[in-house]
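> One structure, as structure tokens, below. Some questions next.
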Amino acid sequence: MNHSPTSTSANAIDMEPGDMAMQLRQRSLLFWLHASTRACPAKIHIPDSRPVLGTFIATDAQEHRVRIDTLQTPLGTYEHVVLRGSDIDAIELSLEAKIQ
């Protein structure tokens, strides 16, 4: 059986639960690293509210805090904010778009 790093789907069956959790965590961190290097447009879904728009800047390693710039809300635009992860239902990121 091929155990190269590129054949993850075939090897997932053979992995120990701890190894799989570590690999999933690593993929999650790599995703957030990629997203934070792009300063990408984001639509943030907040419970009991309309979605708000902003620019995703970063999140902490536990995904408890999310930094957003130029957050456009019905009450106005906030230049720099930190949102609690528990206050967010979902974040839609546009990883292809670049902000000038």
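Here, each number is a calculation from the coordinates, and none is a lab measurement. Note that the coordinates shown come from a computational prediction; the quantities given were computed from them, not determined experimentally. Glycine gets a Cβ as well: all are built from the backbone with ideal geometry, and neighbour counts include every protein chain shown.
> Through the Karplus equation 6.51 cos²θ - 1.76 cosθ + 1.60, θ set to phi - 60°, convert the phi angles of the stretch 55-68 into ³J(HN,Hα) values in whole Hz; use x for Gly and Pro.
Couplings: 10, 5, 10, 5, 9, 7, 4, 8, 6, 8, 10, 10, 8, 10 Hz.
> For an R0 of 22 angstrom, estimate the FRET efficiency from the Cβ-Cβ distance between residue 79 and residue 43 and round to the nearest 0.05.
Details: r = 18 Å, r/R0 = 0.83.
Using R0 = 22 Å, I get an efficiency of 0.75.
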